Amino acid sequence: MMIWQILAGATRGQAGLGMEEIMGGFTIWWHGRRLALRQKRLQEGHSYVAGIGRLEGIIVVLLALVATAAYGQEPSQRLTLTPSLSLGERYDDNIFESPTKTHDFVTVLSPGIRVQYLPTAPTLGTQFDFDYRADFEFFHDNTDQNNIAHRLSLTLASPLTPSLQVRVRELLQVSEDPSGRDERLSAPLGLRPVSQQQRTRTIRNEADGRADIRLGGRLSLGVLFASLIEDVDIPEELDEFRYTVGTELGYALNVMRDSRVFVAYQVTFESFRDNGLVPQENEDASFQVHAISTGVRHELTPTLAVNAALGYSFTSSDAPQKDGHKAVNANFELTKTFSSGRASLSYVRRLTSGQGEGGVGLEDTVSAIASINLTGKLKADLNGNVSWFDARSVTISSRSSSQRFFSIRPSLTYQILRPWRASVAYAYEYTDYTDNTLANLSDHRLLLGTSFDLREWLVLGLSYSYRARRLHGGNVTVGGVDEFSRNQVMLTLTAKPALRF
């Protein structure tokens, strides 16, 4: 009865109540021991729901845009609504990812919904993908670890009018499980090793959007926005809040091939908040990054496209140690489309933050992504990057946090029979601290999975995952980071009927 009372309160006279407060009602009903801690954080102004209210507003606007854009579309274009409900049982031999293992059985109940709008014919049109899932985790022995995790992804691309094109992406992750924080819109850099291991609540909300307006003739104006909200309950790390706004003036060289040159300007606002261990004088670590660049977008062939830009960036801040940093910024991406897949190679150079450490750093990242259907039944994916982070200033530590980061993730999916699939994926990550003071980190992840379609809408799945971290060299380690190994086995039953309109 308590659940229905909470839901009734949320819909009766509480229209302004945010998602986290509603879910907080579930959490209070579920294990009331966290009520005092939640109230204390709210009283201190440490609200970890920053941005979720904004996200709900964006979703409402985007759904309205999709409905408007979908009206009058060709019959070949289809809207698919897929509600889902999954029930799983997981055995975990190291729930805290620590050298001393604590094992437990976990029951996972996962309701979700996915909305897709895609044109089935190769014509221009609105593309919309909204996917939300909540994971209710019930621990058999360690009931104080019961929690609710959320994952939301949103992608929208739509020509609202012949002269206005809109593209938006959003990714929200709320989780206490380190193994559930892997998906990112941006390339990982390994700059948050503590929160990536400890079992504690973290929130990451990453979004980017762009609107292109045709001014007339060959001229176009682009307006962009991006944001990052990362909230962690880790005293050794900072919360980060990043907002980017910018504009781009372009001139079309070839309208048919969408080739154009452009001049762009954008400014990024970086701010941080400590979690208890940061010296008071370093609490305000905010700064801005201004970037000016010029570049070109060109389709070399119908299947090969290049996007390149080169410019200059500098920082400004009230803090002298964060003011006046300068660097050349660059962006290069080469994309190849095959009849059976797609591959891309990119390089990005920019001034950015040190994330959990705060401060200013110069980041160079080379990334490669490929997805190819090798045969009718075998699909291969590859995702890898190499990053260099040169710390220019540090917020919460006097040590240098300059580092190199390497990551590679190959995976294979094989269709054994029509209803039966099997997959294998492996990920290797290595963080190298260049001053040789801190111990380097290597992470290994292996995932084996198989699924069988009992019905078109009912899927039975079995998976095994292994994760391990090793430390190499160095005199000291990052606080809260230890060697560990972790094994998980999970059996799930998922119902996901597809409703097409």
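The values are calculated or read from the model by the stated rules, or taken from the named source; none is laboratory data. Computed from a predicted model, the values in this text were never measured in an experiment. Cβ sites come from the backbone with ideal geometry, for glycine too, and all protein chains shown count toward neighbours. Ligands, DNA and RNA are stripped out before the accessible areas are found, and what is left, the full protein with its side chains, is counted by its heavy atoms. Shrake-Rupley method; radii C 1.70, N 1.55, O 1.52, S 1.80 Å.
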Residue hits (region 165-177; open to solvent by 50 Å² or more (accessible area, probe 1.4 Å) and not basic (Lys, Arg)) are Gln165
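Which ones in region 136-167 are in contact with a Pro (Cβ under 9 Å, 6 or more places away or on another chain) and farther than 30 Å from Ile213 by Cβ? Before the answer, list the steps.
Let us first name the residues in region 136-167 that are in contact with a Pro (Cβ under 9 Å, 6 or more places away or on another chain), namely 136, 165-166.
Phe136 - this is the single residue of region 136-167 that is in contact with a Pro (Cβ under 9 Å, 6 or more places away or on another chain) and farther than 30 Å from Ile213 by Cβ.
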Of all residues in region 242-255 being open to solvent by less than 30 Å² (accessible area, probe 1.4 Å) and within 24 Å of the chain's Cα centre (by Cα), which is nearest to Gly356 (Cα to Cα)? Thr244
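Among the residues of region 484-496, count how many are over 13 Å from Ser86 (Cβ atoms) and surrounded by fewer than 17 Cβ atoms within 10 Å (Cβ to Cβ).
Qualifying residue count for the region: 3.
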Breaking point among (1) touching a Phe, Trp or Tyr at 6+ places or on another chain (Cβ under 8 Å); (2) over 30 Å from Leu85 (Cα atoms); (3) among the aliphatic types (A, V, I, L, M), for Val478: (1)
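Conditions (1) hydrophobic (A, V, I, L, M, F, W, C); (2) open to solvent by less than 30 Å² (accessible area, probe 1.4 Å); (3) farther than 19 Å from Val166 by Cβ, marked per residue:
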residue: Asn205; (1), (2), (3): no, yes, yes
residue: Asp208; (1), (2), (3): no, no, no
residue: Arg214; (1), (2), (3): no, no, no
residue: Gly217; (1), (2), (3): no, no, yes
residue: Leu221; (1), (2), (3): yes, no, no
residue: Leu228; (1), (2), (3): yes, yes, yes
residue: Leu238; (1), (2), (3): yes, yes, yes
residue: Arg257; (1), (2), (3): no, no, yes
Which pairs do you get when a residue that is farther than 28 Å from Asp318 by Cβ, found in region 344-360, comes within reach of a residue that is acidic (Asp, Glu) and open to solvent by less than 30 Å² (accessible area, probe 1.4 Å), reach meaning Cβ atoms under 8 angstrom, with the pair 6+ apart or on two chains? Tyr347/Asp364
When residues of region 268-283 are limited to those that are of a type outside the set (Ser, Thr, Tyr) and surrounded by 16 or more Cβ atoms within 10 Å (Cβ to Cβ), the one modelled with the lowest pLDDT: Asn282
Can you pull out the residues in region 314-333 that are crowded, with 16+ Cβ neighbours inside 10 Å and either within 27 Å of Asn383 (Cβ to Cβ) or among the β-branched types (Val, Ile, Thr) (or both)? Thr315, Ala327, Asn329, Ala330, Asn331, Phe332, Glu333
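Report yes if Thr477 is farther than 24 Å from Pro178 by Cβ and either open to solvent by 30 Å² or more (accessible area, probe 1.4 Å) or touching a Pro at 6+ places or on another chain (Cβ under 7 Å) (or both), otherwise no.
The answer is no for Thr477.
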Would it be correct to say that Glu456 is open to solvent by 70 Å² or more (accessible area, probe 1.4 Å) and out of contact with any helix residue (DSSP H, G or I) (no Cβ under 6 Å at 6 or more places or on another chain)? yes
In region 228-258, how many residues are of a type outside the set (A, V, I, L, M) and not in a strand (DSSP E or B)? 6
